[in-house]
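This report concerns only the one structure given below.
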Amino acid sequence: MTINSGGGFETLAIHAGQDPDPQTGAVVPPIYQVSTYKQDGVGGRRGGYEYSRTANPTRGALEECLAALEGGPRGLAFASGMAAEDCLLRAICQPGDHVLIPDDAYGGTFRLMNSVLTSWGVSYRAVRLSDPVAVRAALAERPARVLWVETPTNPLLNIADIATLGQLAHEAGALMVVDNTFASPYLQLPLALGADAVVHSTTKYLGGHSDVVGGALIVADPALGERCAFLQNTTGAVAGPFDAWLTLRGVRTLAARMDRHCANAARVADMLAAHPAVAEVRYPGLPGHPGHEVAAKQMRGFGGMVSFRVRGGEQAAVAVCGRTRLFTLGESLGGVESLIEHPGRMTHASAVGSPLEVAPDLVRLSVGIETAEDLLEDLRQALA
Ligand SMILES: *Cc1c(COP(=O)(O)O)cnc(C)c1O
């Protein structure tokens with residue numbers, strides 16, 4: 001597949017890595033559902049392909065497209081977001097290294113650090129990333145190899161200033177990684193703001209249709225990209241051809257979907273903020289959100305995730321989650337359909353008693369791209 005880069009975001013999403021198939025003219029890159037490739041004589045690899053753990057054209061198309069969208073030289077596609085995170089951290093860290101993670105990190109990231117990588121001699125500490133003074137102090141106290149950033153965070157939608165944290169990390173000799181899952185490259189480009197690497201759960205907005213689990217890495221330094229590719233091939237958690245194809249199918253409409261996610265989420269947030277049964281709304285697009293200004297500076301839109309606290313406590317919050325008809329009760333996020341969940345008992349149940357514990361009256365919405373009025377009405381009847 002030839003490189004087809006250049007153009008605006010929407011053009012890249014539809015064309016980068018996706019030239020028509022040279023053999024047939026098929027306008028969509030085919031699913032190369034194959035493990036091995038005929039060689040023209042020993043070592044005569046066609047297009048460099050030898051075995052699909054190492055490289056596969058369908059996965060390659062996705063990797064090239066994601067690299068173009070994030071503005072990095074190298075993209076790698078994995079079987080899940082967690083596989084991408086694990087690969088990146090092991091490519092960067094040695095035993096004895098220290099990692100700073102957000103004090104409200106994605107639960108899986110916390111578990112990877114806390115339950116797996118610590119056994120391999122990599123230590124971590126949780127810091128409040130919305131507070132650069134605290135980050136500077138933590139970096140001064142103990143040298144870190146990696147500053148792991150998430151913004152917006154899950155489920156509180158806290159905002160970290162990527163450019164400021166990048167400067168602090170680099171001054172302290174650390175690399176900055178940004179988990180860009182919640183924003184997607186359409187809304188936020190961490191590499192341009194100083195990140196050394198971006199990770200994604202492509203399961204969420206990039207795939208966008210709740211039909212595939214996947215992950216990706218995009219790295220700024222080609223040498224680090226090589227190390228990650230080596231580790232990816234060595235440990236093997238690659239995206240399969242069909243999963244890569246499905247993800248790329250989703251990526252083509254990312255811009256159009258994100259615009260609608262943002263518009264619908266803004267309307268939902270406004271409605272909730274004025275609703276008497278709601279105690280607090282967390283949405284970075286609301287002027288009262290503590291990260292609103294930073295979000296407005298570094299994002300092109302405020303995303304599709306909204307969290308809110310229900311008056312009446314845990315029981316009332318759980319009841320709301322059970323009463324929606326259009327919002328489906330379920331974990332995950334970023335699909336075209338709207339989802340609702342109770343983080344305290346669902347996605348963040350394992351965080352009880354840890355620094356990641358969330359308020360029991362919190363409800364999280366992944367606002368989909370259905371008709372906005374229908375979404376508002378569903379929430380109104382659930383809150384009534
Ligand atoms: C879902 C998610 C992950 C993990 O991705 P998987 O595809 O589920 O392995 C990582 N970070 C964030 C912010 C997520 O939402």
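The values are calculated or read from the model by the stated rules, or taken from the named source; none is laboratory data. Because the structure is predicted, anything quoted here is derived from the model rather than measured. Here the Cβ positions follow ideal geometry from the backbone for every residue, glycine too, while neighbour counts run over all protein chains shown. Just so you know, the surface numbers come from the protein's heavy atoms only, side chains and all, with ligands and any DNA or RNA stripped out. Shrake-Rupley method; radii C 1.70, N 1.55, O 1.52, S 1.80 Å.
Numbers at a glance
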| read-out | value |
| --- | --- |
| Spin-label pair Lys297/Val28, simplified geometry with 7 Å Cα→Cβ offset, distance in nm | 4.2 nm |
| Simple Cβ-charge dipole of the chain, Lys/Arg +1 and Asp/Glu -1, about Cα centre, in debye nearest 20 | 300 debye |
| Estimated distance in nm for a label pair at Ala263 and Arg323, the labels positioned 7 Å out from Cα along Cα-to-Cβ | 2.9 nm |
| Solvent accessible area, Å² - His289, 1.4 Å probe, full protein context | 20 Å² |
| Per-bin percent of Cα-Cα distances, the chain [20 Å] | 29, 56, 14, 0 |
| Relative contact order of the chain, pairs being alpha-carbon contacts under 8 Å that are 6 or more residues apart, as % | 16 percent |
| Calculated FRET efficiency for the pair Ala163/Glu280, C-beta based, R₀ 45 Å, to 0.05 | 0.95 |
| Gain upon complete extension [Trp120, His170; 0.36 nm per residue less C-alpha separation] | 15.5 nm |
| Extension gain (nm, one decimal) between Phe230 and Ser350, 0.36 nm per residue minus Cα-Cα | 39.9 nm |
| Estimated inter-spin distance, Asp374 and Ser35, nm [label 7 Å along Cα→Cβ] | 4.4 nm |
| Residue-wise HN-Hα coupling along the range 105-112, computed from phi with Karplus coefficients 6.51, -1.76, 1.60 (Hz; x: Gly, Pro) | 4, 3, x, x, 5, 4, 5, 4 |
| For the range 265-278, Karplus couplings with θ = phi - 60° (6.51, -1.76, 1.60), whole Hz, Gly/Pro x | 5, 4, 5, 4, 4, 4, 4, 4, 4, 9, 8, x, 7, 10 |
| Given charges at Cβ of Lys, Arg, Asp, Glu: the chain dipole, positive-most of Asn180, Leu286, Gly236 | Gly236 |
| The range 255-383, Rg to Rh (Cα coordinates; Rh as Kirkwood inverse mean 1/r) | 0.95 |
| About the Cα centre, charge dipole magnitude for the range 192-293 (Lys/Arg +1, Asp/Glu -1 at Cβ), debye | 320 debye |
